[in-house]
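The structure appears below as structure tokens.
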Amino acid sequence: MRGVIVALLLVLMAGTPRAQEVSFPAEDGATLRAIRVAPAAGVPRRPSVVALHGCSGLARADRPLRLPAREADWAARLAERGHAVVFPDSFGSRGLGEACGRADHPVTPQGVRAGDARAALAWAAAQPGEPPGGGILLGWSHGGSTVLWTLAAPPRAGLLRGAVAFYPGCGAVVRRAPGWSAPVPLLMLLGELDDWTPAPQCLALAARAPARVEMVEYRGARHNFDHPSAPQRARLLPNGQTVTIGTDPAARAASIEALLGFLARL
């Protein structure tokens, strides 16, 4: 199954995370729809995670928000450990479809989406019971690229304590942001054989802030390696590029351990 309705997170009900749709203003004046998955009652609170979807988005503007299987899996893991997880919908909130393989998409990681990340961090920080010291940015692919661009223009002090980027597109950041650095600890999780957002481009970026950037490259892994159940397949993008995506069980397991360990150290 390629996606799950948010309500499916609540199947077991007792002692499980709680999901709700929320909204808040974006930097460009739009109203951002979002899904917030909160820890179960009684679980000690840890910093919120603002989780940024990939190029497929969360839902069309005329449909209820949903969490795809990858995002739902991570939301449940993080909420179980006390993190509220906020998923802002950058595309559907503006009446837009997916951005995969589309250079003409108006919502870009370096522009509108970075603003959405900052707005979501500010909203999360204002919620009752939120621990002080800032939240954590987490993103996949297009969302991972957004994480990198948000670090180039971070929110005000005290709103961000760390960041995680799964297989981000590092090439554009290397080319267009020569002064890029990491103001907070950053973990990049990459696939060695990723032919959509190649890992080698991230090596040059990590070298700019070696004290702040931790990079893990998983041998033999492809794009979307952390998905819970996506058979590897070729995908033809609108721009004519063919890429290979899908789960790598070993990389997935290792990335879960790496991410949770990173968050525990923040």
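So which of VAL107, VAL49 ends up being of a type in the set (Val, Ile, Thr), part of a loop (DSSP other than H, G, I, E, B) and either modelled with pLDDT of 95 or more or surrounded by 23 or more Cβ atoms within 10 Å (Cβ to Cβ) (or both)? Only one candidate qualifies: VAL107.
Of all residues in segment 183-209, those that are within 20 Å of GLY261 (Cα to Cα) have Cβ atoms under 8 Å from Cβ atoms of residues that are modelled with pLDDT of 95 or more and of a type in the set (S, T, N, Q), 6 or more apart or on another chain, in LEU189/SER255. Here THR244 passes the criteria (1) of a type in the set (Val, Ile, Thr); (2) more than 25 Å from ARG102 (Cβ to Cβ); (3) without any contact (Cβ under 8 Å) to a residue 60 or more places away in the chain except the one numbered (2).
Cβ-Cβ contacts under 7 Å between residues 6 or more apart (or on different chains), taken from a first residue in segment 219-230 that is at positive phi to a second residue that is part of a loop (DSSP other than H, G, I, E, B), are listed as GLY220/GLU192; GLY220/LEU193; GLY220/ASP248; ASN224/ALA230; ASN224/GLY246.
For segment 168-182, does any single residue satisfy the condition of being over 13 Å from the mean Cα position of the chain (by Cα) and assigned to a strand (DSSP E or B)?
Within segment 168-182, none of the residues are over 13 Å from the mean Cα position of the chain (by Cα) and assigned to a strand (DSSP E or B).
For segment 236-266, a residue qualifies if it is touching a Gly at 6+ places or on another chain (Cβ under 9 Å), of a type outside the set (Val, Ile, Thr) and either assigned to a loop (DSSP other than H, G, I, E, B) or surrounded by 12 or more Cβ atoms within 10 Å (Cβ to Cβ) (or both), and the qualifying residues are LEU237, PRO238, ASN239, GLY240, GLN241, ASP248, ALA250, ALA251, PHE262, LEU263, LEU266.
Listed conditions (1) touching a strand residue (DSSP E or B) at 6+ places or on another chain (Cβ under 8 Å); (2) modelled with pLDDT of 95 or more are all met by LEU203, apart from (2). Out of the residues in segment 160-182 that are of a type outside the set (D, E, K, R) and surrounded by fewer than 16 Cβ atoms within 10 Å (Cβ to Cβ), state the one that is nearest to ALA254 (Cα to Cα). Here the residue is SER181. Scanning segment 52-71 for residues that are out of contact with any Gly (no Cβ under 7 Å at 6 or more places or on another chain), at pLDDT 95 or above and hydrophobic (A, V, I, L, M, F, W, C) returns a single hit, CYS55.
Kindly provide the set of residues from segment 186-220 that are surrounded by 21 or more Cβ atoms within 10 Å (Cβ to Cβ), outside any loop (DSSP other than H, G, I, E, B) and not hydrophobic (A, V, I, L, M, F, W, C), ordered by number. Passing the criteria: GLY191, TYR218.
For segment 147-165, the tally of residues that are of a type in the set (Gly, Ala, Ser) and farther than 23 Å from ALA258 by Cα stands at 4.
Take ARG81 and decide whether it is surrounded by fewer than 17 Cβ atoms within 10 Å (Cβ to Cβ), within 20 Å of ARG161 (Cα to Cα) and either modelled with pLDDT of 95 or more or in contact with a strand residue (DSSP E or B) (Cβ under 8 Å, 6 or more places away or on another chain) (or both). Spell out how you get there, then give the answer.
On the way: surrounded by fewer than 17 Cβ atoms within 10 Å (Cβ to Cβ): yes; within 20 Å of ARG161 (Cα to Cα): yes; either modelled with pLDDT of 95 or more or in contact with a strand residue (DSSP E or B) (Cβ under 8 Å, 6 or more places away or on another chain) (or both): yes.
The answer is yes for ARG81.
The values are calculated or read from the model by the stated rules, or taken from the named source; none is laboratory data. Because the structure is predicted, anything quoted here is derived from the model rather than measured. Please note: Cβ atoms are built from the backbone with ideal geometry, for glycine as well, and neighbour counts cover all protein chains shown.
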